[in-house]
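Asks: Once you've had a glance at the structure underneath, I'll fire off some questions.
The values are calculated or read from the model by the stated rules, or taken from the named source; none is laboratory data. All figures in this text were calculated on a predicted structure; none of them were measured in a lab. No Cβ is skipped: glycine too gets one built from the backbone with ideal geometry, and neighbour counts run over all protein chains shown. Note: areas computed on protein heavy atoms with side chains; ligands, DNA, RNA excluded. Shrake-Rupley method; radii C 1.70, N 1.55, O 1.52, S 1.80 Å.
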Amino acid sequence: MRLKLFQRFFIASVAGLMLASCAVVDKVPLGMSREDVLKTYGSPTQFINLPNDGTRLQYTFQPLGRKVVVVDLDAAGRVASVRQVLAEAEFARIEVGKWTRADVEREFGSPSLMTRFGNWQGDVMTYRWSDKGGADMFYWVYLDANNVAQQVGQGMEFKDNFSERD
């Protein structure tokens, strides 16, 4: 019985986060002030300084969610762009051999999982996302010992079918 209550609470929490991420992307108009964004959507997961003297407000729904929404503010503190970055076209921007862990986290937030494999000499960053068709996916960024991306890849997330048990 407790497990069922926990499962329902967990599912409701994840659903709430997913709805919130959609709301951020859909309802932040260009030109909105930083103060209004923060008042409406709350404090982001991270504040990131951008090279153009702007700021990125990063709202991540990892490790269980499949979205990371970035709100880029210009130097005047106004919304210049809003986008959900866990998407194939966004991942394609990663430059193997050039991007560092810091670059990846600036663009995509903290990964849902950081792992090591016996045959790889560095960390592997794992992001959970959904493709255009709604399939649950993983995206991996393989870092070398110097935290530089050396390989990337994607694959489907296959889930076990859990039956309800007490």
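Asks: Take Arg83 and tell me if it is of a type in the set (D, E, K, R), over 17 Å from the mean Cα position of the chain (by Cα) and either within 27 Å of Glu35 (Cα to Cα) or at pLDDT below 95 (or both).
Replies: So Arg83 does not fit the description; no.
Asks: Out of Asp53, Asp72, I need the residue that is acidic (Asp, Glu) and open to solvent by 50 Å² or more (accessible area, probe 1.4 Å). Which one?
Replies: Being acidic (Asp, Glu) and open to solvent by 50 Å² or more (accessible area, probe 1.4 Å) holds for just one of Asp53, Asp72, which is Asp53.
Asks: Report, by residue number, each residue of the range 95-115 that is of a type in the set (A, V, I, L, M, F, W, C) and either touching a Gly at 6+ places or on another chain (Cβ under 8 Å) or open to solvent by 20 Å² or more (accessible area, probe 1.4 Å) (or both).
Replies: First, the residues of the range 95-115 that are of a type in the set (A, V, I, L, M, F, W, C): 96, 99, 102, 104, 108, 113-114.
Of everything in the range 95-115, those that are of a type in the set (A, V, I, L, M, F, W, C) and either touching a Gly at 6+ places or on another chain (Cβ under 8 Å) or open to solvent by 20 Å² or more (accessible area, probe 1.4 Å) (or both) turn out to be Val96, Trp99, Ala102, Leu113, Met114.
Asks: Could I ask something else about it? Please state which of the following conditions Gly65 fails to meet, knowing it meets all the rest: (1) modelled with pLDDT under 95; (2) open to solvent by 70 Å² or more (accessible area, probe 1.4 Å); (3) not in a helix (DSSP H, G or I).
Replies: All conditions are met except number (2).
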